[in-house]
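**Student:** Below are the structure tokens for one structure; questions will follow.
Laboratory data are not the source of any read-out in this text; all were calculated from the coordinates shown. The model shown is predicted, which means the values in this text are computed figures rather than measured ones. A quick note on method: Cβ atoms are made from the backbone with ideal geometry, for glycine too, and the neighbour counts reach across all protein chains shown.
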4 protein chains.
Amino acid sequence: MKPTTVGVIGIGRIGRMHTKNLVHAVPDAYVKAVVSRTQVDPAWADALGIPVRSTNVDKILKDPEIEAVVITAPSGLHVELIRRAAAAGKHIFCEKPVAFEPAPIEQAQAAATAAGVKLQVGFNRRFDPSLLKMWQGVQAGEVGEIHQLRVTNRDPKAPPIEFVKRSGGLFFDFAIHDFDTIRFLSESEIVELFAVEAVLVDPEIGRAGDVDTAVITVRLANGALGVIDCSRQTNYGYDQRFEVFGSKGSLVVENTTPTTVVSSSKAGVVADTPHENFVGRYREAFIAELSAFVAAVREGLPVRAGADDALAAVKVAAAAKASHETHLPVRLSANVQATSGGQRR
Amino acid sequence: MKPTTVGVIGIGRIGRMHTKNLVHAVPDAYVKAVVSRTQVDPAWADALGIPVRSTNVDKILKDPEIEAVVITAPSGLHVELIRRAAAAGKHIFCEKPVAFEPAPIEQAQAAATAAGVKLQVGFNRRFDPSLLKMWQGVQAGEVGEIHQLRVTNRDPKAPPIEFVKRSGGLFFDFAIHDFDTIRFLSESEIVELFAVEAVLVDPEIGRAGDVDTAVITVRLANGALGVIDCSRQTNYGYDQRFEVFGSKGSLVVENTTPTTVVSSSKAGVVADTPHENFVGRYREAFIAELSAFVAAVREGLPVRAGADDALAAVKVAAAAKASHETHLPVRLSANVQATSGGQRR
Amino acid sequence: MKPTTVGVIGIGRIGRMHTKNLVHAVPDAYVKAVVSRTQVDPAWADALGIPVRSTNVDKILKDPEIEAVVITAPSGLHVELIRRAAAAGKHIFCEKPVAFEPAPIEQAQAAATAAGVKLQVGFNRRFDPSLLKMWQGVQAGEVGEIHQLRVTNRDPKAPPIEFVKRSGGLFFDFAIHDFDTIRFLSESEIVELFAVEAVLVDPEIGRAGDVDTAVITVRLANGALGVIDCSRQTNYGYDQRFEVFGSKGSLVVENTTPTTVVSSSKAGVVADTPHENFVGRYREAFIAELSAFVAAVREGLPVRAGADDALAAVKVAAAAKASHETHLPVRLSANVQATSGGQRR
Amino acid sequence: MKPTTVGVIGIGRIGRMHTKNLVHAVPDAYVKAVVSRTQVDPAWADALGIPVRSTNVDKILKDPEIEAVVITAPSGLHVELIRRAAAAGKHIFCEKPVAFEPAPIEQAQAAATAAGVKLQVGFNRRFDPSLLKMWQGVQAGEVGEIHQLRVTNRDPKAPPIEFVKRSGGLFFDFAIHDFDTIRFLSESEIVELFAVEAVLVDPEIGRAGDVDTAVITVRLANGALGVIDCSRQTNYGYDQRFEVFGSKGSLVVENTTPTTVVSSSKAGVVADTPHENFVGRYREAFIAELSAFVAAVREGLPVRAGADDALAAVKVAAAAKASHETHLPVRLSANVQATSGGQRR
């Protein structure tokens, strides 16, 4: 069976990473075209064996050979690109965030549904070997009934302030992964949320109207409690830890490190710091999410991270922002649960 | 210099542990008398070399040789015993909780101050080698400015329901240690708090009017955020983990285990579960708090866990209960900070 | 600069792995041809974009575009293929073992030297991120003067008995990596060796004239001592641990695991077993050794694992076999040190 | 039942530790007398409640109330004191080494047997919670048939050269524990041994006729192989690691640390170094061996570390020394196995 032909829209840092992964690590995919607002480096495209490079998205959308697109253009263009790709009959993998509001996500989803195409969202953690094993353990009853979940999400260092300004803020850009992780691991919906937050890393972030530190407690539809702690800066690498604790015990995902070297001396017993960013930490996950997308396209399977998940996560982010603004706990409307829980399985 | 002569009031499980520690591990203490509502086992007292055993507390309070008392009687008697011991001029070590209300704690403190005697409270974690090292690291600037604190406090299995009923509840009996730990590690006061909680371990605990699972987020006077998660049952031992995270990095206290044996086989790489309860986990801390108390008495030093700490912790517990009841965040009155922060050092 | 054109000779398990790595993970390499004694699967070659597939090695050796070969044919053909490739002016990467005797390795090396081509040997561990970091630590003086080295090398399960019979035996096939690792980490030569060994895993291995368990102690030219322990079967995965211990402290490489999930329950605190075989454990190393080979070819750099290293390791393996047969310690001739130490840098 | 009355002979560093442990942590023991060549500090004895202090060993041996003695006098006096204590009908705990030659140990054992008294030797590791759990795991078949054992025994820093000179040397003073540990864990006898050794820590040790670094490989009667590595100096604390590896998997005892604090920063992820010496590392073991001795006396049980174990270990040490001197492997005479194996159970 011949590979699925793919076009990649948007060749920034993430776009180049996904393209390379598709070419090198997803045998069932063939990247025929890449489109970017600026010229694509021909040497880069040559090395990857990609014949079509363009600044015109129609080179992908109007190419009948191209079955699927990977959208890694700037976030503001995501929904419009999804609608156009769906209209062109292309299956769609779209980086998160799809949008910062529920309505456009629902429109994107509706467009994909109407066109009968797959729409997968870039919640990469769902494909991480450790988180996947944790999810399997939860499914297998290893922790019994879930009582508590915990996510620690800390970036090694604060992003450039320009990024912060257009990122959507800590809740929509950063904690969005954590909201999805809680939903993924628990298979339950967040029904109540309270956020405390602060500007402790960099006052510049505060002046940009954002926060850099937050602790968010949640209550789930299944009765469990959860807590997310976020920071924009650790100084010791990308800190990604997860815990599901329940009636029988707990499952924890610890940090990963580039090496397993341990040095013992008068100074102590010193191990590696965690991976320095998401590229190293989630290397397998980034490959696996594209493999799964291509497999979903080829085998007609449901995607494992859909627009309904993006929608649910954005609603939680909005609630977190509301809690931050009102200093009060916020209840989420019941239809979040119904919609999302219903479609995910 | 001869040892400090001590009397122990209350010979339950904790009282016997403290007595044994005083006799065996605190060289500067001599336990002359033990008093209990029921008969003291003479063989036990003989083996420890304690000549005076009685059901009458005056055998201790009126003995001019006895310089200090350790109060491990039922909680309801603590304040009255402190007042009588202070009136008798005895230095006082009192197990937590001193009381469940601020007023009696203030009265107890006033009585001790008026009598010029030491009053130390049983916040054992302040004397744990790991937590003490963590505190020293914070003091030495290892984490820089504190951004976040985290306490995980989980009992191996739920206590008998009779204990739950008279315990004061999860916030006053159990999380009280966590409130103190946050204050101890941060040297800052909790100014705002939000508690989510649930009955997930045992419905019997709910019927007794208590909860068994809670996540409490706090905001400190120094701007840092904190989170405490509690459970009455792990099934995998006594889970006691702590983290202070700041502008330079983090300090974490991991669980301790009875052995360091690791078994590798088809079934996985299996290490010991944590110590099964507080006796094993805080063995050194229980000895160290009494050593420090005796040293404070002998050398006229301030105690390292005083009535002001008990008072501050109880105010936080009351706020947690209020948050639980109102489902709202609760601000603590500013005088908590002033009083306690001022007196602790 | 255009990629280096490569031909791969031998498309067994290792050959396919190297080919895939060259295509996907070594951007500076282009695999033009693969040669195998049996037909190459065209779908596999198509997917990798390899135009030339043949059963005739001349399709590689006589192709003037092909600059370098990767030899992964059966071990018995290695030396002859090296000689022919050198005669054809191709740079050579050859899987270990080059040969089981010093003389043919010397001939292979002489052929490469005479032809002015690179000859790199597949000592993959030298390119493992953890071992490389350990080597750098040793170079940086982190352990001070080396006092002891330790290598634990244990396969997850015994290979098929047919493989054992033609493998060259535990010392030449398996411990050869350990001998090289000791030399690599210490930058010193083994001057004395004593081997104890046994058949404990599978009596069939004994009947095939081999052993499955061994402990080998060595003395190095620099005065340090070393110990290697080998087993053909762990049941708990591929056990690869390393230690360099010296006057200032130690560096240890611990096992790697597929995930960082830790499960806590009544049954204990359970982590993953190590990677199940060399493919997972040394994934980065296999890529890095080919990248380094291609870089050496392109930039005229010395290879980091040469025929002199293969020669030295084989001499140690022969000494180990002699020790096993005589039950006596064996001294290695001084010229090992001179030759090898001189050429490695 | 009244406590067993004990006298302690020799109040050096170890003697004081054992005395304190007997008084504080062995409830069934009463230390009535301590004897030392020099005056015993009366304040120390007072604090421990020991009425009799003397420089005359007869104050212990002729006291009919004293049932058992703990011998911690200088090694050279051990055998003579055992003989006199046995003649006086006292049960005996004697610190290792009993002697450096088989003959006097056999005489000591014969004296104890003739007198019908217990004779326990200070192989403290047999009572360490981790090693005991490991032994239990081996007994329970967790590793299946034993294939390999490993002991890492490294002191934090070299002892004073005066101690080295009278210590009996690395094999008799230091590795003696490792020989016993191999025997204890495997329940098998060492039948062949090869030692490589060096002076790498301190040339002064070499001038004193001793070595400071050694690797000793052994073959056991049950077919398993073992390796011991020793060093007089780590700089990172007392390194005590153990492994039993077999047909089903492995059991490892890792180092213990004073705290579980982990610091993460730019500098790495830093944990505590191991305990700084045997006092901290084997605290529980030192208490447990005396508890077990007293229990053996009171309940007529066999001791868990007897003169036969001391004898077997010394024979192994002598073989190690012979191997060191001859640079050859040394076989141990078969009667070691018979004697010792027969009497241990």
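**Student:** Charges on Cβ only, +1 for Lys and Arg, -1 for Asp and Glu, centred on the Cα centroid of chain B; of B:163, B:228, B:116, which one is farthest towards the dipole's positive end?
**Tutor:** B:116
**Student:** Which of the lysines could a cross-linker bridge to residue A:315, judged by Cα under 28 Å and excluding same-chain residues fewer than eight apart?
**Tutor:** By straight Cα distance, residue A:315 reaches A:90, A:96, A:118, A:133, A:157, A:165.
**Student:** In Å and on Cα atoms, what radius of gyration and Dmax does the stretch D:1-80 show?
**Tutor:** For the stretch D:1-80, the Cα-based Rg and Dmax read 11.5, 36 Å.
**Student:** Could you compute the net charge surrounding residue A:271? Neighbours are other residues with a C-beta less than 12 Å from the C-beta of residue A:271; K and R count +1, D and E count -1.
**Tutor:** Details: positive: C:133; negative: A:254, A:272, C:254.
Neighbourhood net charge equals -2.
**Student:** Considering only DSSP beta bridges with both partners in chain C, what is the antiparallel share in %, to the nearest 5? Numbers along the way, then the final one.
**Tutor:** Values: 34 of 61 bridges.
The answer is about 55 percent antiparallel.
**Student:** Right, next: Bin by bin, in steps of 20 Å, what percent of the Cα pairs in chain D do you find, going until the bin that has the longest distance?
**Tutor:** 30, 58, 12, 0
**Student:** What does the charge add up to near residue C:59, with Lys and Arg as +1, Asp and Glu as -1, over the other residues with Cβ less than 11 Å from its Cβ? Intermediate values should be presented prior to the final figure.
**Tutor:** Details: positive: C:32, C:53, C:62; negative: C:58, C:63.
Spelling it out: positives minus negatives among the neighbours equals +1.
**Student:** Ok, one more. Just to be sure I understand the model, the point goes 7 Å from the Cα along the line to the Cβ. What's the resulting residue D:39 to residue B:325 distance in nm?
**Tutor:** Rounded to a tenth, the inter-label distance reads 6.8 nm.
**Student:** Just want to confirm a number: the relative contact order over the stretch B:197-311, from Cα pairs under 8 angstrom separated by 6+ residues, in percent. It would help to have the intermediate numbers written out before the result.
**Tutor:** Details: 118 pairs, mean separation 15.7, N = 115.
Once normalised by length, the contact order is 14 percent.
**Student:** List the extent of the Cα atoms of the stretch D:80-130 along each of their three principal axes, largest first, rounded to whole Å.
**Tutor:** 36, 23, 14
**Student:** Sticking with this one: Measuring from centroid to centroid over Cα atoms, what is the spacing of the stretch B:280-295 and the stretch A:208-270 in Å?
**Tutor:** Centre-to-centre (Cα) distance: 31 Å.
**Student:** Something else now. Per-residue mean of other chain beta-carbon atoms within 10 angstrom of the beta-carbon, peptide A:125-134?
**Tutor:** Values: counts 0, 0, 0, 2, 6, 7, 3, 2, 6, 5.
Shielding by partners across A:125-134 averages 3.
**Student:** Let me ask something else. With no solvent and one equal point scatterer per Cα, compute the Debye intensity ratio I(q)/I(0) for the protein assembly as shown at 0.04, 0.05, 0.08, 0.09 Å⁻¹ and report its log10, rounded to two decimals.
**Tutor:** Log10 of I(q)/I(0), two decimals: -0.29, -0.45, -1.11, -1.31.
**Student:** Can you return the lysines within cross-link range of residue A:20? Criterion is Cα-Cα under 17 Å, with same-chain partners fewer than 8 residues away left out.
**Tutor:** Within the straight-line cut-off, residue A:20 pairs with A:32, C:20.
**Student:** Over chain B, what relative contact order in percent results from Cα pairs under 8 Å that are six or more residues apart? Display every interim value, and only then the final one.
**Tutor:** Numbers: 709 pairs, mean separation 66.4, N = 345.
That works out to 19 percent.
**Student:** Right, next: What gaps in nm, shortest first, separate residue B:203 from its twins in the other copies when you place the label 7 Å past Cα toward the beta carbon?
**Tutor:** Nearest first, the other copies' label points are 5.6, 6.1, 8.1 nm away.
**Student:** With chain A rotated onto chain D, spot the residue of A whose Cβ lies nearest the axis and note the distance in whole Å.
**Tutor:** Residue and rounded Å distance to the axis: A:270, 3.
**Student:** Defining the label point at 7 Å along Cα→Cβ, can you sort the distances from residue B:55 to the same site in each other copy, shortest first, in nm?
**Tutor:** Taking the point 7 Å beyond Cα along Cα→Cβ, the inter-copy spacings are 5.5, 9.7, 10.2 nm.
**Student:** Quick one: net charge of residue C:165's neighbours, Cβ under 14 Å, K/R +1, D/E -1? Before the final figure, lay out the partial values.
**Tutor:** On the way: positive: C:166, C:207, C:232; negative: C:162, C:173, C:202, C:204, C:210, C:212.
Residues near residue C:165 contribute -3 overall.
**Student:** What is the dipole size for chain D, taken about its Cα centre, with +1 at each Lys and Arg Cβ and -1 at each Asp and Glu Cβ, in debye to the nearest 20?
**Tutor:** Working: 38 positive and 39 negative charges, 111 e Å.
The dipole of chain D has a size of about 540 debye.
**Student:** Restricting to the stretch D:86-234, compute how many DSSP beta bridges are antiparallel as a %, nearest 5.
**Tutor:** Working: 15 of 25 bridges.
Expressed as a percentage, antiparallel bridges in the stretch D:86-234 total about 60.
**Student:** Rounded, prolate or oblate: which one fits the stretch B:111-174, using the alpha carbon gyration tensor with axes a ≥ b ≥ c (rounded when a/c is under 1.5, else prolate when a/b beats b/c, else oblate)? Could you put the intermediate results ahead of the total?
**Tutor:** Values: a/c = 2.63, a/b = 1.22, b/c = 2.16.
Note, shape of the stretch B:111-174 comes out oblate.
**Student:** Applying 1/(1 + (r/R0)^6) with R0 = 45 Å to the Cβ-Cβ distance of residue C:77 and residue C:187, what FRET efficiency is obtained, to the nearest 0.05? Numbers along the way, then the final one.
**Tutor:** Working: r = 32 Å, r/R0 = 0.71.
Calculated value: 0.90.
**Student:** Copy-to-copy spacing for residue B:161, label 7 Å out on the Cα-to-C-beta vector, in nm, shortest first?
**Tutor:** Those label-point separations list as 6.0, 6.4, 7.4 nm.
**Student:** For the stretch B:197-345, rounded, prolate or oblate, judged on the Cα gyration tensor with a ≥ b ≥ c (square roots of eigenvalues), a/c < 1.5 rounded, else prolate if a/b > b/c?
**Tutor:** Details: a/c = 1.76, a/b = 1.20, b/c = 1.47.
Here the stretch B:197-345 falls in the oblate category.
**Student:** Right, next: Which parts of the stretch C:65-85 would a label at residue C:113 reach, counting a residue when its backbone N lies under 13 Å from a point 7 Å out along Cα-to-Cβ?
**Tutor:** none
**Student:** Using Cα springs under 10 Å in a Gaussian network model of chain B, which residue among B:33, B:175, B:320 shows the largest mean-square fluctuation?
**Tutor:** B:33
**Student:** Sequence-distant or interchain residues sharing an amide H contact under 5 Å with residue D:69, placed H: which?
**Tutor:** Answer set, sorted by chain and number: D:7, D:91, D:92, D:93.
**Student:** Another question about this same structure. Between residue C:24 and residue A:279, what is the spin-label point distance in nm, taking each point 7 Å from the Cα along the Cα→C-beta axis?
**Tutor:** Taking the simple label geometry, residue C:24 and residue A:279 are separated by 1.9 nm.
**Student:** Mind ordering A:129-142, A:269-282, D:45-58 by average Cβ neighbours within 10 Å, highest first?
**Tutor:** Values: A:129-142: 18.0, A:269-282: 19.6, D:45-58: 15.1.
Listed from highest to lowest mean packing, they are A:269-282, A:129-142, D:45-58.
**Student:** Helix D:129-139: angle to the longest alpha-carbon principal axis of chain D, degrees 0 to 90, nearest 10?
**Tutor:** With rounding to tens, the tilt is 70 degrees.
**Student:** What FRET efficiency comes out for residue C:222 versus residue A:55 if R0 is 45 angstrom and r is the Cβ-Cβ distance? Round to the nearest 0.05.
**Tutor:** Values: r = 61 Å, r/R0 = 1.36.
The formula returns an efficiency of 0.15 here.
**Student:** Further question on the same structure: Run the numbers on the stretch A:17-115 and let me know its relative contact order in percent, using alpha-carbon pairs under 8 Å that are six or more apart. Before the final figure, lay out each step's value.
**Tutor:** Values: 120 pairs, mean separation 19.5, N = 99.
Computed over the stretch A:17-115, the figure is 20 percent.
**Student:** Here is a further query. Applying 1/(1 + (r/R0)^6) with R0 = 56 Å to the Cβ-Cβ distance of residue C:166 and residue B:140, what FRET efficiency is obtained, to the nearest 0.05? Walk me through the numbers on the way to the answer.
**Tutor:** Working: r = 61 Å, r/R0 = 1.10.
Taking R0 as 56 Å, the efficiency between residue C:166 and residue B:140 is 0.35.
**Student:** Could you work out, residue by residue across B:229-235, how many beta carbons of other chains sit within 10 Å of that residue's beta carbon, and then give the average as an integer?
**Tutor:** On the way: counts 9, 1, 7, 1, 3, 10, 11.
Counting other chains' Cβ atoms within 10 Å and averaging over B:229-235 gives 6.
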